[in-house]
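First the structure, in the form of C-alpha cells, and then the observations on it.
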Amino acid sequence: MPSPLCHSSGRATLATVPDRKERVVILGSGWAGYTFARSLNPNKFDRIMISPRSYFVFTPLLAGTAVGTLEMRTVLEPVRRLGLDGFYQGWADDIDFARKTIRVEANTSDDLASRTRLIVKRSSGASEKGPVFEVTYDKLVIAVGSYSQTFGIEGVKEHANFLRDIGDARRIRMKVLQLFEKAALPLTTDKERQKLLYFAIVGGGPTGIEFAAELHDLIKEDLSRIYPELMRFVRITVFDVAQKVLPMFDQTLAQYAMDTFRREGISVKTGHHLTRIRPDSECEGCFKLKIKEYGGEEISAGIVVWSTGLMQNPLVEKLSCKKFTAPQIAPDAKSPVEVQLETDPRTGGLITDSYLRVNVTPRTAKSERSVHNLHADPLVDVYAIGDCAVIPGAALPATAQVASQKAAHLAKRLNRGDENEKEFRFRNWGTMTYLGSWTAIHQSSADELKGWAAWILWRTAYLTRSMSVRNKISKHFSGLLSPAPNLEYNPSPLLRASYLYNTPIAARMSRAASADTGSL
C-alpha cells in the first residue's frame, strides 16, 4: 500500500510501492466508477478510487427515498466494501498526464459530498480548501460524472432543492414534513396554507416525473389520513420548457403519462420558462416563482424541486483547456508534440474513441501540420466513461444504463488484456418511468408496456440492478418485517409522518394485496 509522505511545500504525495500489478486509479464513485471498480479483477490490478463521497448512490430510486417509500440506506453502497487497495475521499483537482500524477484536494466535510454538486466560486480564503496531495497511476479511468445545470437563473442555487444525491433526498423529506406541520398550525391562514402546500417541480424528465408521482402517492395514501383537513390546499405542478414531458418516450407513452397525471390531479405545464426564484416576504418559508408565460405575475410555492439540466464537472473543463506534451502521440516529430484533450462542442464532455480511450489533438506549429494532420489520437492508459465522456456519432444519453455498460465493458477488456481489440457497443435495455398509483411506462426496441405490468417490470428491474444482496432484500422486505406503529396512541403528527416516510413500498404492496384479495 502507498503511504502519505509530507513535503516541505506543505503538500503530501503518495509514493507507489513497486509490485507486479498495474495501479489503476478511478476518479468517481457513481454508476461508471463504482461499476468499473466492482468489475475490475483485483488479482490483476491494484484498484485505487478517488471520490468526494465514500458511497455509491442508486440514483433511480432517489425519488422514493425523498418521500420515504424506501429507507435511505437501501440506495447506498459503501465503496470500501469493494475491498479496494486504496480509497481517498477528495476531489481530483488536476492531472499531470506526462508524470501520470493526479493532484487531489481532500474532502474534509462529508456533508458537502452528499449534496448536489453546483459550480460555486470560492472566496480567496485558503481555509476553505482541504489539504492537497498527489496520487500516481499506471492507468487512469475518469468517471467524475456531471454537475447540475442551473442555466444562470436567479435564485435557483440558493432556494431550489435538487435531487441527485442522498443529502438532497434527506432535505426534501424534512422540508415536506415541515410544510405540513406548519400548515396544520391554528395560526396559519388559508392563504398561507395554499402557498405552503404548493409543490413546484421544474423538469419533465424521469426524475421530475417520478418525484411528482412518489409525492402524490405519499400524500394520497398516507398523509391524507394524518392531515385530512389540509388536502384541499395541496397542489403538485410540474413545469418544463419543452412542449412535452418525457422526451425519451414516444408520443403515445408520453401522452399516457400526462393523462395519468391529469386524472390524479397533478398539473403539468409544458412550454413554461422559470426565470426567477425568490423568498416570499408574506409567507415565511415560501418562495415566489416568476414564470415567463405568466407575465409579471408570480406564483408562491412551499418547495421548488429542480431536476433539469446537466453541466460538465469542473475537472473536465480545466483539463479541456490544458496543453501538455505527449511524445507517444507522434514519435516522428522533430520537436516535442503539444497536445490537448478533445472535447465535444455541444456537451463539453471528453471525446473518446470506441475503445473508451480519451482522445487528444496535436497542437503543433503550422510547418508540422502536414506530418501530423492534426488528427485525434488516443492518450495512452487514460480512459473516460460515464456522463463526462462522449463517443462521436453514438448519440448516447447521459444515463445510468450507458455509464454502467461502458464501465463493465472497459473492466472486462482490461481483465482480458484486449482493451484495444473490441469496441464498445451499447445495448438499449429500455427506458422506464414510474407514474404513481402502481402504474409505470416502459419502452424498448422490442416492446412497449404501460400500467400495472410496466410497474412490475420497473420494480423487478431495479431489484436486479441493486448492487448488493443486502439492499436487494431490504428494498422489498424491510417493510414487511417492521411492526406497524399504533398511530392512535402516537400524539405527534410529525412522528406519525416520520414513520410513514420510512415505510418501504413493500408494506404498501402488502396492504394493496390484502385489499384486493376478495376480487381474485
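Derivation of every value follows stated rules applied to the coordinates shown; laboratory data play no part. Because the structure is a prediction, the values reported are computed rather than measured. For neighbour counting, all protein chains shown are included, and Cβ atoms are generated from backbone atoms with ideal geometry for every residue, glycine included.
Computed from point charges on the beta carbon alone (+1 for Lys and Arg, -1 for Asp and Glu), the dipole magnitude for the stretch 150-308 about its Cα centre is near 160 Debye.
Skipping prolines and chain starts, which residues have an amide H placed within reach, meaning under 5 Å, of the one on residue 205, given they are 5 or more residues away or on another chain? Answer set, sorted by chain and number: 246. Taking the fewest neighbouring Cβ atoms within 10 Å as the starting point, the ordered list for 210, 134 is 134, 210. The antiparallel fraction among DSSP beta bridges confined to the stretch 150-308 stands at about 35%. By the count of other C-beta atoms within 10 Å, a proxy for reagent exposure, 286, 321 are ordered fewest to most as 321, 286.
Sorting 49, 72 from the fewest to the most surrounding beta carbons within 10 angstrom yields 72, 49. Approximating the spin labels as points 7 Å out from Cα along Cα→Cβ, the residue 321-to-residue 224 distance works out to 5.4 nm. Summarising the label geometry, the points placed 7 Å from Cα in the beta-carbon direction at residue 235 and residue 93 lie 4.8 nm from one another.
In this structure, the pairs whose alpha-carbon distance is over 32 Å, taken from 100/406; 288/450; 290/318; 175/322, are 288/450; 290/318; 175/322. Approximating the spin labels as points 7 Å out from Cα along Cα→Cβ, the residue 106-to-residue 259 distance works out to 5.9 nm. The phi torsions of the stretch 418-431, fed into the Karplus equation with coefficients 6.51, -1.76 and 1.60 and a -60° offset, translate into couplings of 10, 4, 9, 10, 10, 6, 6, 10, 7, 10, 7, 8, x, 10 Hz, rounded to whole numbers, with Gly and Pro shown as x.
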